[in-house]
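Worksheet for the structure shown next.
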Amino acid sequence: MFLDLRDRRCLVVGGSETAARKAELLLRAGAYVDVVAPDLHEGFARLPHAERVKRVADAFTPVLLDGKDAVIVVEDDAPAASAAKVVADAARARHIPVNVADKPALCSFILPSIIDRSPIMVAVSSGGESPVLARMLRARLETLIPAAYGRLSALASRYKERVRAAVKPEQRRAFWEKVFLSPVAEMVFSGRDVEAEAQLDAMIRDSASHAVSRGEVYLVGAGPGNPDLLTFRALRLMQQADVIVYDRLVSQPILDMCRRDADRVYVGKERDDHAVPQEEINLMLVRLAKEGKRTLRLKGGDPFIFGRGGEEIETLVEHGVPFQVVPGITAAAGVASYAGIPLTHRDYAQSVAFVTGHLKENTFNMNWEGIARRDQTIVIYMGLKGLPLLCEALIKHGLTADTPAAIVQHGTLPTQRVVTGDLATLPALAEQAGLKAPTLIIVGNVVKLREKLGWYQPEQHGEQARRTPLEAPDHLP
Ligand code: SAH
């Protein structure tokens with residue numbers, strides 16, 4: 001929430017230098033500030049718009065809250081701390097937003113770190129838990145957002161009515177996105193406002209003569225679950241799409257990064273129970289794109305590795321729907337890294353095979369001779385249920401029973417668990433551990449390296465350990 005405090009009256013309790021800085025924030029928002037303190041630090045006199053500041057009392061009494069829109073309390077001397085609670089309670093009783101410096105428990109609102117590109121304002125908050133971290137993030141954003149962003153926003157504001165008249169409502173968002181991604185923005189940032197306006201005029205003329213823009217499908221790999229492992233391109237498209245079509249493997253934190261007002265369609269698949277048949281998903285994508293929507297098909301890992309991405313875009317091609325594909329970190333790559341198991345190694349493995357362990361009528365349809373080789377790492381997707389049969393088959397086709405093997409649950413996530421053993425022992429160990437899907441199995445001598453190279457120790461504390469981000473209930477729309 002951003003409060004509009006223009007010409008409103010606020011109360012600051014405290015007269016220190018810190019209190020002066022808080023008063024400054026209020027003044028910059030256009031407020032009048034009444035101050036309660038026996039005396040004021042000289043900083044108050046130097047504030048911009050100091051004429052809007054008035055010391056109204058030595059000590060707080062509830063009547064001072066009359067007509068106030070916000071209250072900030074700064075208690076620099078510890079003994080007075082209990083007074084802060086009195087003010088906070090009184091303000092809350094009257095439903096006036098109150099902030100007590102360094103006492104998150106007493107606050108009904110917090111003062112975020114801000115990046116000011118007025119009228120654009122970016123606020124960073126840690127909910128009062130870690131102001132230092134919020135301030136560091138703010139420093140990074142400062143460097144990312146050109147100082148002239150405010151001017152770009154002002155230009156948009158000047159053209160708002162003209163665009164409204166020329167561009168149909170359903171195309172306006174796309175129009176402005178095109179503007180902000182076009183050379184217009186760069187022109188404003190480099191001070192060429194006249195050129196920018198000429199360009200914008202041209203874009204408005206163009207949009208009037210062009211047909212309705214067609215929708216598009218983005219087939220995007222979301223990686224193995226940890227949002228840090230998304231690509232920039234995936235993130236950019238996630239924040240533009242009108243509709244998100246996602247399945248079970250896409251973790252909640254990743255969904256949370258999608259455009260907030262995008263429609264979400266869950267087409268999750270569980271083993272042996274395809275929530276929405278593949279053909280229907282294919283046709284749904286065609287339909288959404290033809291309705292003019294930018295449709296994001298979000299998939300776990302990489303769309304082209306056991307992801308049926310090929311089938312989906314084949315249907316798009318047949319229907320002439322434009323699309324783009326964004327690769328993701330496939331489970332094998334992500335999970336192996338986070339488990340500390342290099343998939344190839346000069347001494348142990350010269351090749352790696354990605355195979356599916358999905359059983360069809362209790363058998364595997366696989367070229368075992370090509371797969372079960374001593375000098376090759378085998379990565380098995382979808383293998384949890386078939387694990388005993390898989391290990392048996394690998395031994396039958398030439399691997400020794402003591403070939404190292406690992407199974408990784410929820411790789412790259414806070415709920416990651418790794419169980420290691422060998423082809424003889426792994427099935428029982430996995431069963432004992434009670435692992436939950438999705439899991440990835442890695443077989444080969446490289447698994448031994450984990451003892452030395454394992455680096456990721458997710459903290460299994462409290463809530464986080466109990467929550468399994470990939471489990472269905474959270475995902476159901
Ligand atoms: N396209 C995806 C794979 C889809 S098949 C990719 O490229 O990764 C689904 C299988 O991927 C799961 O059964 C599991 O074997 C594996 N998988 C996906 N994410 C995983 C994760 N975070 N941890 C372990 N295995 C995972």
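The values are calculated or read from the model by the stated rules, or taken from the named source; none is laboratory data. A quick note: this is a predicted structure, and the numbers were derived from the prediction, not measured. Note that we place each Cβ from the backbone using ideal geometry, even for glycine, and neighbour counts take in every protein chain shown. Side chains are part of the model used for accessible areas, which takes the heavy atoms of the whole protein and leaves out ligands, DNA and RNA. Shrake-Rupley method; radii C 1.70, N 1.55, O 1.52, S 1.80 Å.
The table below lists the values:
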quantity: Candidates Ala165, Ala174, filtered to the one that is under 30 Å from Arg192 (Cα atoms), of a type outside the set (S, T, N, Q) and open to solvent by 50 Å² or more (accessible area, probe 1.4 Å); calculated: Ala165
quantity: Every residue from region 342-385 that is near the ligand (Cβ under 10 Å from one of its atoms) and on the phi < 0 side of the Ramachandran plot; calculated: Phe354, Thr356, Gly357, His358, Val379, Ile380, Tyr381, Gly383, Leu384, Lys385
quantity: Answer from Arg248, Arg162, Arg236 - the residue that is of a type in the set (Lys, Arg), under 30 Å from Ala333 (Cβ atoms) and in contact (Cβ under 8 Å) with a residue 40 or more places away in the chain; calculated: Arg248
quantity: Candidates Ala437, Ala406, Ala401, filtered to the one that is modelled with pLDDT of 95 or more, open to solvent by 10 Å² or more (accessible area, probe 1.4 Å) and small (Gly, Ala, Ser); calculated: Ala401
quantity: Verdict on Gly309 being touching a residue at least 12 places away in the same chain (Cβ under 8 Å) and either in the same structural domain as Glu279 (by TED's automatic domain parsing) or open to solvent by 60 Å² or more (accessible area, probe 1.4 Å) (or both); calculated: yes
quantity: Residue ranges of strands (runs of 3 or more DSSP E) in region 1-119 with at least 3 members closer than 26 Å to Ala147 by Cβ; calculated: 113-117
quantity: Pair list, Cβ under 7 Å, 6 or more apart: region 330-344 residue closer than 9 Å to Gly301 by Cβ, other residue of a type in the set (S, T, N, Q) and within 10 Å of the ligand (Cβ to nearest atom); calculated: Gly334/Thr412
quantity: Residue satisfying all of: in region 312-341; open to solvent by 40 Å² or more (accessible area, probe 1.4 Å) and not hydrophobic (A, V, I, L, M, F, W, C); nearest to the ligand (Cβ to nearest atom) among these; calculated: Pro327
quantity: Some residue of region 211-229 being open to solvent by 50 Å² or more (accessible area, probe 1.4 Å), under 30 Å from Ile313 (Cβ atoms), touching a residue at least 24 places away in the same chain (Cβ under 8 Å) and touching an Asp or Glu at 6+ places or on another chain (Cβ under 9 Å); calculated: yes
quantity: Flag for Ala349 being more than 25 Å from Phe304 (Cβ to Cβ), of a type in the set (A, V, I, L, M, F, W, C) and either under 38 Å from the mean Cα position of the chain (by Cα) or open to solvent by 20 Å² or more (accessible area, probe 1.4 Å) (or both); calculated: no
quantity: Tabulated pairs, region 449-460, first closer than 16 Å to Gly225 by Cβ, second not in a loop (DSSP other than H, G, I, E, B), C-beta under 6 angstrom, 6+ apart or interchain; calculated: Tyr456/Tyr338
quantity: Residue within region 60-71 that is closer than 20 Å to Gly128 by Cα and open to solvent by less than 30 Å² (accessible area, probe 1.4 Å) present; calculated: yes
